[in-house]
Each structure stands twice: as C-alpha cells, then as structure tokens.
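Okay, so here's the structure we're looking at.
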Amino acid sequence: DVSTSEDGVPMTSPAVDPWDSTVYHFVAKNTGSFLYHCHVLTTLHLSMGMYGVIVVSNKPEPNRIFPGGPSFQDEFVFLATDMDKSLNENPLSPGPLNLLVMDYFMINGLSGNSLTTDGSHQVHAYPGDSVLLRLSSMGYSKTRYIFPQELNATAYVSDGRVLPVPYNCDTLVIFPGERYEVLLTPT
C-alpha cells in the first residue's frame, strides 16, 4: 500500500526515462505478501517476467503470520502466472485480453516438468509441523490450489489484510493480482 504518487502509474507518478532511475520511499504498514509490476506497457512487461512478490515480515515476531497471529516453522512463496505464446510474439498489440489462450502455466517462473523435477516447488511437512504458503497470481487466468484434507489448510490473510475469521479450505481459487497466506498443519 503506497501513496498514489509512489505507485508507478504514469499519470500520477514521476516519469523515469530509459536508463534513468528513481527511488521510492514508503513505510510497509502491513505484514504479508504484496505484488509489484511497473504499470507501464503492462502486457509487454508481464510477458517478459517483470513482476514479483515482496514479503513484508512481522519483524518483532518473525515466525508469526501477523502480530499476535499463529506461528509457523517454514514458509514457501508461490507466484503463479500464465502465458499465451502469441502474446510474446506481439506484446505491444496483444488484442483483446479476453481472447488470449494460455499455452503455459508457471509457478515461480517454471513450467511443465520443471515444476516437479526442480525440487524448489516441493513442500515437505510432517504431523505437528506448521508451514506457511504465500500464494499469489500475476497471470490472466484464475489459479486453483487443492489441499488434501489431512493438511488442515487454513486461510488467514487475503490481499495483505488479516481475515476477520480464518477459514479452513480444501480448495482456494486465486484470481489475477490476488494473494493469500495459508497455514498448513498436517495430521
């Protein structure tokens, strides 16, 4: 959450010319996962991978989801996105975005067999563990996460805000730009 003048939107923020730079200053008031992208020629920059996740930790209690919230032993950040190969071939004139047909689904920039062979996308947990998943999406499609019942998946935070009432979920659907903090406590 930044002021309009610090958000990078061309009409409200200072312009940064090619090969120039600027510094944005802001106070991160909320813990959680946040997304960034440049707000200029967004379809081009998304197809080039110019986006990411910023995690704001709970500094006084680093292993708590939020101040006074539940604790966790380990955490994993998963950023989902997708790509229509034709968008990469013509990113400046993509046509109507609702007509894109996604060829690739990616998590943290990996797709296909890389998701299962890379090892960085595997979450290992045992009964009694508590594992925090920071889930977000920068794709054009919705992403569905399905949790086996034995994981006791509980959503605590949505879009950087603590939920008034945490809820158990066996399926979580994340739309473009959304983010969730989900705690797994396997039995």
> Taking a point 7 angstrom from the Cα of HIS39 along the C-beta vector, which residues in region 1-21 have backbone N less than 18 Å away?
Replying inline: 1-18, 20-21
> Can you list the trypsin sites (Lys or Arg not before Pro) in region 8-99 that are in a DSSP coil and have 15 or fewer other beta carbons within 10 angstrom?
Replying inline: LYS29
> For region 106-187, what does the alpha-carbon gyration tensor say about shape, rounded, prolate or oblate, given a ≥ b ≥ c as the root eigenvalues, a/c under 1.5 as rounded, and a/b over b/c as prolate?
Replying inline: oblate
>> For the pair LYS85/SER21, report the inter-label distance in nm, with labels modelled 7 Å from Cα in the Cβ direction.
In response: 3.7 nm
> Non-local amide H neighbours of ASP103 (under 5 Å, H modeled in plane, Pro and chain starts lacking H): which ones?
Replying inline: MET83, ASP84, LYS85
>> Taking 2.2 N^0.38 Å as the expected size of a compact globular protein, what ratio does the Cα radius of gyration of the chain give against it, to two decimals?
In response: 1.12
> Arranged from highest to lowest average of other beta-carbon atoms within 10 Å per residue, in what order do the peptides 37-49, 161-173 appear?
Replying inline: 37-49, 161-173
> What does the convex hull of the Cα atoms of region 1-85 come to per residue, in Å³, rounded to a whole number?
Replying inline: 130 Å³
> What FRET efficiency, computed as 1/(1 + (r/R0)^6) with R0 = 25 Å and r the Cβ-Cβ distance, is obtained for VAL101 and ARG144, rounded to the nearest 0.05?
Replying inline: 0.90
>> Could you tell me the center-to-center distance, by alpha carbons, between region 136-187 and region 39-100 in angstrom?
In response: 15 Å
> Relative to the Cα centre, what is the charge dipole magnitude of region 1-126, using +1 at the beta carbon of each Lys and Arg, -1 at the beta carbon of each Asp and Glu, and rounding to the nearest 20 debye?
Replying inline: 280 debye
> Viscosity 1.002 mPa s, temperature 20 °C: Stokes-Einstein D of region 61-100 from its Kirkwood Cα radius, in µm² per second?
Replying inline: 154 µm²/s
> In whole percent, how big is the carbon plus sulfur part of the accessible area of region 70-147, probe 1.4 Å, protein atoms only?
Replying inline: 53 percent
> Which value in nm describes the separation of the simple spin-label points at ASN113 and ASP170, placed 7 Å from the Cα toward the beta carbon?
Replying inline: 3.4 nm
> Once amide H atoms are built 1.01 Å from N in the peptide plane, which residues 5 or more positions from SER137, or in another chain, come under 5 Å H to H?
Replying inline: ALA80, GLY177, GLU178
>> Please state the shape class of region 40-89: rounded when a/c is under 1.5, otherwise prolate if a/b exceeds b/c and oblate if not, all from the C-alpha gyration tensor.
In response: prolate
> How many Å² of accessible area per residue for region 61-172, probe 1.4 Å?
Replying inline: 57 Å²
> For region 103-156, which trypsin sites (Lys or Arg not before Pro) are both in a DSSP coil and crowded by at most 16 other Cβ atoms within 10 Å?
Replying inline: LYS142
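The values are calculated or read from the model by the stated rules, or taken from the named source; none is laboratory data. Model, not experiment: these values are computed from the prediction. Glycine also receives a Cβ, built like all others from the backbone with ideal geometry; neighbour counts cover every protein chain displayed. These area figures cover heavy atoms from the full protein model, side chains too; ligands, DNA and RNA do not enter into them. Shrake-Rupley method; radii C 1.70, N 1.55, O 1.52, S 1.80 Å.
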